[in-house]
Amino acid sequence: MAKLTIDDLKRIKKEHEGELNSPEVKHLLICGGTGCHATGSIAVMRVLKEEITAQGLSERIKVVETGCNGFCAMGPILVVHPDGIFYQKLTVDDIPGMVKEHFIDGKPIEKLMYKDPATKKRIPLQNEIPFFAHQMPRALRNKGLIDPEQIVDYIARDGYQGAHKALNKMAPEEIVQQMIISGLRGRGGAGFPTGMKWDFASKSPGTVKYVLCNADEGDPGAFMDRSILEADPHAVLEGMLIAARAINASKGYIYARTEYPLAIKRLEIAIAQAKAYGLLGDDIFGTGMNFDIEIYQGAGAFVCGEETALIASIEGKRGTPCPRPPYPSVKGLWGSSTVINNVETLANIAPIILNGGAWFAKFGTDNSKGTKVFAVTGKVKNSGLIEVPMGTTLRDIVYEIGGGPAAGAKFKAVQTGGPSGGVIPEQLLDTGVDYDNLQKLGSIMGSGGLIVMDEHDCMVDIAKFYLKFCVDESCGKCAPCRIGGWQLLHILEGISEGRGTLEDLDRMRRISKAMQKASLCGLGQTAANPVLSTLKYFEDEYREHIVNHRCPAKKCTALLDFFIVKNKCKKCGLCARTCPEKAISGDREHGYAIDKTRCINCGLCFEACKFEAVERN
């Protein structure tokens with residue numbers, strides 16, 4: 001195939017745009033991310049195609065499976081283009097009526113539209129729904145808009161024009177300079193300036209250099225990287241191509257988790273298409289530059305998200321961190337200079353080069369430029385993937401975009417930064433989100449997990465949950481992480497079971513500080529953040545567990561007392577049938593009671609009772 005030129009890219013863009021925006025044809029954009037797949041979007045799409053064909057509408061209605069739309073709580077999702085009408089929570093039973101009423105009779109179906117929880121009004125257009133209206137998509141610029149398995153869809157939205165500019169019109173040092181001007185910091189957690197990292201690598205000696213994409217996303221509740229790879233894989237490939245030009249690399253690897261089969265499948269398709277179009281391989285754009293990309297599948301070890309452990313894994317070694325310096329930009333994969341960026345960082349590169357670093361730097365705060373992608377989950381009404389300018393307050397994210405706490409419960413805290421982050425209480429919700437502010441509060445930006453907690457969440461239990469994750473995922477190479485993490489977990493288990501002492505609080509602080517100072521890598525250095533932040537903001541809960549043997553959130557089962565309220569009991573016997581220890585006795589005539597000597601406080605009876613007759617204190 002002849003090498004593509006900028007004219008070719010613009011021609012493909014114009015042709016595809018004309019088809020997409022034709023008034024004669026509607027495109028039904030159905031979310032095809034993992035979340036919507038899990039809620040039935042594949043079956044919905046199949047029935048939709050069948051119904052459109054049966055009604056003879058195939059010429060004027062096209063069904064397009066996109067990547068993640070972002071509004072994961074409302075899947076399966078369908079957006080009518082170019083009208084912008086947003087349908088949510090679709091089932092196969094909704095499809096025949098939708099096709100007839102909307103696409104034959106011209107009457108959009110109100111009951112399938114988003115319902116604002118505050119006003120109770122239906123909102124027909126996607127861009128008017130608060131979840132979308134308050135966002136600024138940059139890394140997510142193509143989410144829900146393109147077929148990720150069709151390269152022409154990406155090209156139609158300025159795809160590979162940034163790479164063409166970088167390869168044909170810019171010297172490597174000019175690319176690095178634009179990245180420095182942009183102020184983009186690594187979105188994988190540490191926040192190291194991307195331009196500075198590229199500058200170090202470009203100046204490192206050697207003829208063999210590498211570009212690595214860190215797609216080893218393992219934080220509980222995080223799905224930013226997965227969603228980008230599923231929705232817009234070419235954005236990552238283009239970012240890697242530009243990075244390769246900047247540091248003179250000829251080989252790239254994407255280190256992706258095996259648990260992300262859909263992301264890996266779409267990456268494989270994207271790489272094959274990029275090669276077919278001459279955008280990867282030899283003599284790209286006729287410039288003489290050669291660059292190829294391979295996918296390396298990780299086995300799921302959380303520690304392999306640390307850059308030196310990731311490099312070791314690709315080299316076929318055990319994935320454990322190594323002391324630094326030397327840093328990978330000087331001595332990385334197989335001893336050669338290596339640039340490692342995560343998925344979100346790379347997805348930002350092409351528009352920065354195309355529009356200039358100053359364009360990107362206009363958004364955000366002084367030391368945290370641009371936008372940030374967050375996976376908003378937990379006790380919140382509107383969970384999903386969002387992108388907002390740096391400096392957006394936590395309150396705006398939780399309430400304006402997230403819709404506030406779910407089920408009418410009282411907000412308690414928000415946890416940022418994954419298992420290595422910290423909890424932030426309600427009185428600090430007006431803090432603008434950026435790297436510096438979160439660090440001052442005892443948390444971190446991390447890769448972008450943001451979990452909302454309400455009054456029913458126990459801070460001791462939360463700290464224990466995240467610490468157990470870090471202990472399980474620790475490689476065990478350094479003593480501060482291996483021993484310190486286990487000691488902290490042991491103390492937290494004692495507190496949650498009523499065996500804690502007030503001396504444990506200072507003991508946990510000392511151990512945590514030691515881990516921060518002495519651990520080898522970021523996992524150990526930040527593993528104690530949930531402990532320190534919950535102690536800082538919710539020490540009263542710890543003291544309640546220790547002094548009064550009481551869990552205010554009624555979460556720690558060892559401190560709970562379950563009993564059956566007789567005037568609420570319907571004598572159905574469901575609690576007795578659910579109890580694994582046969583600790584509930586009685587009959588339909590006299591009712592039921594819990595034998596405290598046999599009860600193990602598992603809480604299954606509480607969960608099973610439909611009449612709130614089982615209570616706990």
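Values as computed for the structure displayed
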{"read-out": "Single residue of SER519, SER512, SER533 found to be hydroxyl-bearing (Ser, Thr, Tyr) and out of contact with any helix residue (DSSP H, G or I) (no Cβ under 7 Å at 6 or more places or on another chain)", "value": "SER533"}
{"read-out": "The listed residue being farther than 21 Å from ASP283 by Cβ and over 26 Å from the mean Cα position of the chain (by Cα), out of PRO172, PRO220, PRO193, PRO205", "value": "PRO205"}
{"read-out": "Contacts under 8 angstrom Cβ, first residue in region 85-108 being over 16 Å from ALA54 (Cβ atoms), partner of a type in the set (Ser, Thr, Tyr) and part of a helix (DSSP H, G or I), 6 or more apart", "value": "LEU90/SER41"}
{"read-out": "Where MET45 falls short, out of the listed (1) within 22 Å of ALA139 (Cα to Cα); (2) surrounded by 19 or more Cβ atoms within 10 Å (Cβ to Cβ)", "value": "(1)"}
{"read-out": "Residue pairs meeting the criteria (Cβ under 6 Å; at least 6 apart or on separate chains; first farther than 19 Å from PHE360 by Cα and open to solvent by less than 40 Å² (accessible area, probe 1.4 Å), in region 118-147; second of a type in the set (Phe, Trp, Tyr) and in a loop (DSSP other than H, G, I, E, B))", "value": "PHE131/PHE71"}
{"read-out": "Condition check for LEU450: free of Cβ contacts under 8 Å to residues at least 60 places away in the same chain and under 19 Å from ALA375 (Cβ atoms)", "value": "no"}
{"read-out": "Region 487-501 - residue that is open to solvent by 60 Å² or more (accessible area, probe 1.4 Å) and touching a helix residue (DSSP H, G or I) at 6+ places or on another chain (Cβ under 6 Å) and, of those, nearest to PRO325 (Cα to Cα)", "value": "GLN487"}
{"read-out": "Where PHE562 falls short, out of the listed (1) open to solvent by 40 Å² or more (accessible area, probe 1.4 Å); (2) closer than 29 Å to ILE491 by Cα", "value": "(1)"}
{"read-out": "Verdict on GLU344 being open to solvent by less than 10 Å² (accessible area, probe 1.4 Å), closer than 30 Å to PRO117 by Cβ and not in a strand (DSSP E or B)", "value": "yes"}
{"read-out": "Leading residue by the ranking (surrounded by the fewest Cβ atoms within 10 Å (Cβ to Cβ)) among those in region 257-297 that are under 20 Å from GLU217 (Cβ atoms) and of a type in the set (Asp, Glu)", "value": "GLU294"}
{"read-out": "Residue in region 316-332 that is more than 29 Å from GLN525 (Cβ to Cβ) and in contact with a strand residue (DSSP E or B) (Cβ under 7 Å, 6 or more places away or on another chain) present", "value": "no"}
{"read-out": "Residue match in region 386-406 (condition: under 18 Å from VAL236 (Cα atoms), open to solvent by 20 Å² or more (accessible area, probe 1.4 Å) and out of contact with any Leu (no Cβ under 6 Å at 6 or more places or on another chain))", "value": "no"}
{"read-out": "Residue match in region 170-185 (condition: free of Cβ contacts under 8 Å to residues at least 40 places away in the same chain, assigned to a helix (DSSP H, G or I), open to solvent by 60 Å² or more (accessible area, probe 1.4 Å) and of a type outside the set (Phe, Trp, Tyr))", "value": "yes"}
{"read-out": "Residue that is farthest from VAL176 (Cα to Cα) [pool: residues in region 348-368 that are polar (S, T, N, Q) and part of a loop (DSSP other than H, G, I, E, B)]", "value": "THR365"}
{"read-out": "Qualifying positions in region 50-99 - outside any loop (DSSP other than H, G, I, E, B), open to solvent by 40 Å² or more (accessible area, probe 1.4 Å) and in contact with a Gly (Cβ under 9 Å, 6 or more places away or on another chain)", "value": "GLU65, CYS72, VAL92"}
{"read-out": "Test: residue in region 602-611 that is in contact with a helix residue (DSSP H, G or I) (Cβ under 7 Å, 6 or more places away or on another chain) and among the aromatic types (Phe, Trp, Tyr)", "value": "no"}
{"read-out": "Those residues of region 350-379 which are open to solvent by less than 10 Å² (accessible area, probe 1.4 Å) and either polar (S, T, N, Q) or in contact with a strand residue (DSSP E or B) (Cβ under 8 Å, 6 or more places away or on another chain) (or both), in sequence order", "value": "PHE360, SER368, GLY370, THR371, LYS372, VAL373, PHE374, ALA375, VAL376"}
{"read-out": "Scan of region 534-558 for residues that are touching a Lys or Arg at 6+ places or on another chain (Cβ under 6 Å) and at pLDDT below 95, ordered by number", "value": "LYS554"}
{"read-out": "Whichever residue in region 146-166 is closer than 14 Å to ALA347 by Cβ and hydrophobic (A, V, I, L, M, F, W, C) and, among such residues, is nearest to the chain's Cα centre (by Cα)", "value": "ILE146"}
{"read-out": "Among the candidates ILE247, ILE254, residue that is more than 25 Å from the chain's Cα centre (by Cα), within 17 Å of VAL211 (Cα to Cα) and crowded, with 24+ Cβ neighbours inside 10 Å", "value": "ILE247"}
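The values are calculated or read from the model by the stated rules, or taken from the named source; none is laboratory data. Source: prediction; values computed, not measured. Neighbour counts run over all protein chains shown; Cβ positions are idealised from the backbone, glycine included. Remember, those area values only see protein heavy atoms, side chains included, never the ligands or the DNA or RNA. Shrake-Rupley method; radii C 1.70, N 1.55, O 1.52, S 1.80 Å.
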